[in-house]
1. Per residue, how large is the accessible surface of region 8-94? Use a 1.4 angstrom probe and give square angstrom.
2. First check a/c for region 347-494, with a ≥ b ≥ c the square roots of the eigenvalues of its C-alpha gyration tensor; if it is under 1.5, answer rounded, and if not, answer prolate when a/b is larger than b/c or oblate otherwise.
3. Roughly how large, in nm² to one decimal, is the mean projection of the convex hull of the alpha-carbon atoms in the chain?
4. How big is the Kirkwood radius of region 1-91, worked out from every pair of different alpha carbons and given in Å to one decimal?
5. Before rounding to the nearest 500, sum -39500 (n - 2.57) across all DSSP H runs of length at least 4 in the chain and divide by the residue total; then give [θ] at 222 nm in deg cm²/dmol.
6. Answer with one residue from Ser44, Gly248, Val469: the one whose Cα lies farthest towards the positive end of the charge dipole of the chain, charges on Cβ with Lys, Arg +1 and Asp, Glu -1.
7. May I ask for the Kirkwood hydrodynamic radius of region 437-478, worked out over all distinct Cα pairs and given in angstroms to one decimal?
8. Beyond a 25 Å Cα-Cα separation, which of these cross-linked pairs lie in this structure: Lys237/Lys453; Lys74/Lys275; Lys206/Lys275; Lys31/Lys422; Lys206/Lys445; Lys405/Lys476?
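The values are calculated or read from the model by the stated rules, or taken from the named source; none is laboratory data. Keep in mind it's a predicted model, so treat the numbers as computed, not measured. Ideal geometry is used to build each Cβ from the backbone, glycine not excepted, and the neighbour counts take in all protein chains shown. The area values use the complete protein model at the heavy-atom level, side chains included, leaving out ligands, DNA and RNA. Shrake-Rupley method; radii C 1.70, N 1.55, O 1.52, S 1.80 Å.
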Amino acid sequence: MTSTQQRAALQRKIWDIANYVRGAVDGWDFKQYVLGTLFYRFISENFIDYITGGDANVEYAAMADDDENIEAAKDDAIKTKGYFIYPSQLFVNVAANANTNESLNTDLANIFKAIEASASGYPSELDIKGLFADFDTTSNRLGNTVKDKNERLAKVLKGVAELDFGGFDASHIDLFGDAYEFLISNYAANAGKSGGEFFTPQQVSKLIAQLAMHAQTSINKIYDPACGSGSLLLQAKKHFDQHLIEDGFFGQEINHTTYNLARMNMFLHNVNYDKFHIQLGNTLEEPHFADDRPFDAIVSNPPYSVKWIGSDDPTLINDERFAPAGVLAPKSKADFAFVLHALNYLSAKGRAAIVCFPGIFYRGGAEQKIRQYLVDNNYVESVISLAPNLFFGTTIAVTILVLAKNKQDTSTQFIDASGLFKKEPNNNALQDSHIEQIMAVFDSKANIDNFAKSVSLELVAANDYNLSVSSYVETKDTREAADIVELNASLKTTVTKIDRLRKDIDAIVAEIEGRELEA
């Protein structure tokens, strides 16, 4: 079995476990337990690998919690890993006794509290705090009685324990991270609109990460102002040398559950606590990381056309993020508020790649004025229209806006990638070949009929600062060319046949009428 087949088999098994164990519980509601259990196993095995130095002969799981060697290692372990897990608290030990443990749900709750509490007073405290908040072992979703809850929890633990990730090495870590992403994507796909709010499909994430980091040999750090489960940030890690990103990963998320998923996702992709900085809160009203600016790479898939406080807060027009444009995004459509926020956080050499609702590129009013500000100040490098039905929960054909502060000329590139997709049962999908096509023309800035065109600032301005790709890239005419001579001959033949039919019908009618008169 190849590694790809092994990975696919593992993913099928974990999804089967997730569906079998949840029973009558809605998958969206149950996701925290499967994802949380996978996370619990990962940090347990990661911690064993660290505390033993990778020496398989050291059986940390079999040691007593009060072993003096454990206490001696505790301080350094927390400083390095960000948390501490005693042998009795390890996933392997809890899972082994899960079926017979009558206090399993309360034991798990206490273990999770202890792991989080181990970071108190250390630099990792805020990164660890609340990680297990959504893993509620007392929830009635697990069952009406303690016995029911324990049975379901035991099934989850046993199911995840049976997954074969191999030895704890780089490939093992990749399998854990891939399994987590696979679960998140499947939950998102089955959750409709709500799923699309916290997960960007992997191939789209890959394209956005490549656009933001294109041609940069190194970046200081990468930022997502609406990070969801962190999938966009982690694509940067997955497809580029980790050392290229010098100071780590930064993100803000408004939804508490999704915020926890993002932090777990970082750990599961072996990003240490001191290399990621995920904050909870409303990015537009209570932005974090102002002191960490600027960022060399920004990636984002913010919510489309959501309401925000806008002009109801008179101080925002003086906010350094929005003031330069001279106008705030409409209260009913915050899209350009996210765009201006990203621009403010962007470094002089960096790029921001942002997924946008297509309407913001042609609507009038405040949005037109913001487009004018972006174009006149030469911040718009490229506008890329994608195929419809690529995202979970929406069939619209979204557009990627690429911003840059170091453009070499004043033209804006438009790319029509709406025809690049593979049709799949429930949605469309980008493939690596499609991403390569987009990146090649993004890099070259070549004009290609029906695909890409670079347009002067003057032409965009003359077009009322319309930034819709369809306004500049002519759609390929897929209609068959008609042969006029052949068409006219065919029409002439058809007319002749019609005339003959009419004469035949008239003759038949006349004959019938004659018979009626004779009668």
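1. Details: 3820 Å² over 87 residues.
With the other protein chains kept in place, region 8-94 gives 44 Å² per residue.
2. Values: a/c = 2.05, a/b = 1.58, b/c = 1.29.
Here region 347-494 falls in the prolate category.
3. On the way: hull surface 156.0 nm².
Average projection, Cα convex hull of the chain: 39.0 nm².
4. Numbers: mean 1/r = 0.0645 Å⁻¹.
Radius from the Kirkwood sum: 15.5 Å.
5. On the way: 17 runs with 234 residues, N = 519.
Roughly -14500 deg cm²/dmol at 222 nm, from the helical runs in the chain.
6. The listed residue farthest towards the positive side: Val469.
7. Details: mean 1/r = 0.0889 Å⁻¹.
That comes to 11.2 Å for region 437-478.
8. From Lys237/Lys453; Lys74/Lys275; Lys206/Lys275; Lys31/Lys422; Lys206/Lys445; Lys405/Lys476, over 25 Å: Lys237/Lys453; Lys31/Lys422; Lys405/Lys476.
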